[in-house]
Amino acid sequence: MRLVLASSNAGKLAELRDLLGEGITLHAQSEFGVTDAEETGLSFIENAILKARHAARATGLPALGDDSGLCVDALGGAPGLYSARYAGRHGDSDANIDRLLRELEGIPDADRSARFVCVLALVRHPEDPLPLIAEGRWEGRILQARRGQHGFGYDPVFFSPAHGCSAAELPPDIKNRDSHRGRALKALRTLLANTPGIDT
Ligand SMILES: O=P(O)(O)OP(=O)(O)OP(=O)(O)OC[C@H]1O[C@@H](n2cnc3c(O)ncnc32)[C@H](O)[C@@H]1O
Ligand SMILES: [Mg+2]
């Protein structure tokens, strides 16, 4: 199955390519010159569907949208949907992390709980009335300072109690097994296996 990934995030593309494996050939939307969709949704689900439909329309291929983000309890769930542009410039992870650490200054570890959320939406064509939707979450807390070199985005400040380290200290295969994206993709694979008419 050929699929276009409705994302311009290289970190996501690398992880989803590893996770999808051989059955599915994943094309980055940039290969078709597709520009980013306007993320006007008020939920991760709406944005994931909107991105997938946009890429399916532009390429004529089935499309996979990934809308994800970091939700911090002490910030009422922020940065959430706005994780990519939390500091004002889209995709500037360093500035985003700096702002996050500033907002949490003085907050003790016990009150820095957070979770990563990833929603995947697969549409067979732009008007698909039944997109396949899968969600994954990863519970953790925000560190006081960056740790680790792996991954992307907020990984250096996301501490996973289940692993005893930050997401950026995890080797890619362990992160892919246990992360919000890994969990969402596992759920999507189950949906795909039980959906007639989609060959993977
Ligand atoms: O919309 P697309 O083109 O997919 O790319 P994007 O980077 O804008 O992606 P989102 O709108 O879904 O925003 C996701 C934000 O959450 C962050 N994020 C998502 N998954 C992450 C992960 O596994 N590790 C660290 N940060 C992550 C990422 O850095 C972005 O800042
Ligand atoms: Mg985005």
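The values are calculated or read from the model by the stated rules, or taken from the named source; none is laboratory data. In this text the structure is predicted, and so the values were computed from the model without any measurement. Cβ coordinates were reconstructed from backbone atoms using ideal geometry, including for glycine residues, and neighbour counts include every protein chain displayed. Just the protein is used for accessible areas: all its heavy atoms, side chains included, with ligands, DNA and RNA removed. Shrake-Rupley method; radii C 1.70, N 1.55, O 1.52, S 1.80 Å.
Where the second residue is open to solvent by 30 Å² or more (accessible area, probe 1.4 Å) and away from ligand 2 (no atom under 16 Å from the Cβ) and the first is farther than 19 Å from GLY60 by Cβ and lies in segment 1-27, which pairs have Cβ atoms under 6 Å and are six or more apart or on separate chains?
Once the first residue is farther than 19 Å from GLY60 by Cβ and sits in segment 1-27, its partners that are open to solvent by 30 Å² or more (accessible area, probe 1.4 Å) and away from ligand 2 (no atom under 16 Å from the Cβ) give GLY23/THR200.
For segment 174-200, give me each residue that is within 14 Å of ligand 1 (Cβ to nearest atom) and in contact (Cβ under 8 Å) with a residue 60 or more places away in the chain. Can you show your working first?
Looking only at segment 174-200, we keep the residues that are within 14 Å of ligand 1 (Cβ to nearest atom), and these are 174-185.
Result: LYS175, ASN176, SER179, HIS180, ARG181, GLY182, ARG183, ALA184, LEU185.
Going through ALA58, ALA52 one at a time, which residue ends up being in contact with a Gly (Cβ under 9 Å, 6 or more places away or on another chain) and either within 15 Å of ligand 2 (Cβ to nearest atom) or touching a residue at least 60 places away in the same chain (Cβ under 8 Å) (or both)?
Among ALA58, ALA52, only ALA52 is in contact with a Gly (Cβ under 9 Å, 6 or more places away or on another chain) and either within 15 Å of ligand 2 (Cβ to nearest atom) or touching a residue at least 60 places away in the same chain (Cβ under 8 Å) (or both).
Just one of GLU31, GLU38 is free of Cβ contacts under 8 Å to residues at least 60 places away in the same chain, closer than 24 Å to ILE97 by Cα and surrounded by fewer than 21 Cβ atoms within 10 Å (Cβ to Cβ); which is it? Spell out the reasoning first.
Numbers: GLU31 fails: closer than 24 Å to ILE97 by Cα.
Only one candidate passes the filter, namely GLU38.
Which count do you get for residues in segment 1-27 that are open to solvent by 20 Å² or more (accessible area, probe 1.4 Å), polar (S, T, N, Q) and within 16 Å of ligand 2 (Cβ to nearest atom)?
Adding up the residues that qualify gives 2.
Would you pick out the residues in segment 86-119 that are open to solvent by 20 Å² or more (accessible area, probe 1.4 Å) and in contact with an Asp or Glu (Cβ under 8 Å, 6 or more places away or on another chain)?
Of everything in segment 86-119, those that are open to solvent by 20 Å² or more (accessible area, probe 1.4 Å) and in contact with an Asp or Glu (Cβ under 8 Å, 6 or more places away or on another chain) turn out to be ALA87, ASP111, SER113, ARG115.
Name the residue that is nearest to ligand 1 (Cβ to nearest atom), counting only residues in segment 120-131 that are open to solvent by 40 Å² or more (accessible area, probe 1.4 Å) and either among the basic types (Lys, Arg) or out of contact with any Pro (no Cβ under 9 Å at 6 or more places or on another chain) (or both).
Just the residues of segment 120-131 that are open to solvent by 40 Å² or more (accessible area, probe 1.4 Å), to begin with: 124-125, 127, 129-130.
Imposing the further condition that a residue be either among the basic types (Lys, Arg) or out of contact with any Pro (no Cβ under 9 Å at 6 or more places or on another chain) (or both) reduces the set to 124, 127, 129-130.
On the way: ARG124: 20, GLU127: 21, PRO129: 23, LEU130: 22 Å.
Looking at the filtered set, the residue picked out is ARG124.
Considering only segment 66-82, I want to know if a residue exists there that is away from ligand 1 (no atom under 11 Å from the Cβ) and surrounded by 20 or more Cβ atoms within 10 Å (Cβ to Cβ).
Within segment 66-82, the first condition is being away from ligand 1 (no atom under 11 Å from the Cβ), and the residues that meet it are 72-78.
Subset that is surrounded by 20 or more Cβ atoms within 10 Å (Cβ to Cβ): 72.
Looking for residues that are away from ligand 1 (no atom under 11 Å from the Cβ) and surrounded by 20 or more Cβ atoms within 10 Å (Cβ to Cβ), one finds at least one in segment 66-82, hence yes.
Any idea which of LYS186, LYS175 is basic (Lys, Arg) and closer than 22 Å to LYS51 by Cα?
On the way: LYS175 fails: closer than 22 Å to LYS51 by Cα.
Going through LYS186, LYS175 in turn, just one is basic (Lys, Arg) and closer than 22 Å to LYS51 by Cα: LYS186.
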